Amino acid sequence: MALVVFMRGVNVGGHKTFRPAALAKELAALDVVNVGAAGTYVVRKTISQPALRAELNKRLPFKAEVMICPGRDLQSLARRDPFKGQPSDKDSRCFVTVMAKRPRTVPKLPISKPDGHDWQVKVVAVSGNFALSLWRRLGRSILYPNEVVEKTLGVPATTRGWSTITAICKILDG
C-alpha cells in the first residue's frame, strides 16, 4: 500500500530547510516520488508508518513534523470531487489540510474567517484527517487555511493546494 508524506513547516522562511529531491533520491529503495518543494512525497513500496517516520527523521538534519496517510484515502477524497458545487472564481483557491489526527469535535460548517462577506478562509468540509477549504486574498492582512484549521479544530496540520492533491493521485494511479 502506498503512503503519502506531508511535512509540516519545512522550507518556509529559511527554517528547517532541506532539498526534497535529494531526500527522495536517498529513499530510492522505497520508490519515493517527490512532489514539489514543501516536503510532500509518495512512497510506493510497502513500509509501515512508524518505520517510514523513523527513516525520514534519520535522514533529515532536524526533527520533522510529519503527517502520513494511506494513498487510498487521498484517492477516495479526490474521487468524491469535494469542491464540486463550491462557488469558484478567479480569486478563490481550493486547499486540503492534512491533520495529524481527527479532531475530537467538528464545529458547524462552513467556518469563515473572518466572519461575513469578507472571509479569506472558508473551511467547507472535514473528512477524516482532511479539512477542505477555500482561500481568497482580500485586503492587506492575510489568513491562511492552515492557521484557521489548527486554531479552530485544535490539531497540528499542514496544508496543500488541490492541484498538489490531484498530482499525488496521478502518481498513485500511474
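Between SER163 and LYS25, what is the label-to-label distance in nm when each label sits 7 Å out along the Cα-to-Cβ direction?
Simple spin-label model gives 2.6 nm for this pair.
What does the charge count around LEU30 come to, taking other residues whose C-beta lies under 15 Å from its C-beta (Lys +1, Arg +1, Asp -1, Glu -1)? Could you put the intermediate results ahead of the total?
On the way: positive: LYS25, ARG44, LYS45, ARG53, LYS58, ARG59; negative: GLU26, ASP31, GLU55.
That sum, taken over residues with Cβ under 15 Å, equals +3.
Which whole-number percent is the relative contact order of region 57-174 (Cα, under 8 Å, 6+ apart)? Provide the component values of the computation, followed by the final result.
Working: 171 pairs, mean separation 34.7, N = 118.
Here the relative contact order equals 29 percent.
Inverting the mean 1/r over all pairs of different Cα atoms, compute the Kirkwood radius of region 3-74 and quote it in Å.
On the way: mean 1/r = 0.0823 Å⁻¹.
Answer for region 3-74: a Kirkwood hydrodynamic radius of 12.2 Å.
If you count, for each residue, the other Cβ atoms within 10 Å and average over each peptide, how do 6-19, 28-41 line up from highest to lowest?
Values: 6-19: 15.2, 28-41: 17.7.
So the peptides 6-19, 28-41, ranked by packing, come out 28-41, 6-19.
Rule-based calculations on the coordinates, nothing more; no lab input. Because the structure is predicted, anything quoted here is derived from the model rather than measured. We place every Cβ from the backbone using ideal geometry, glycine too, and count neighbours over all the protein chains shown.
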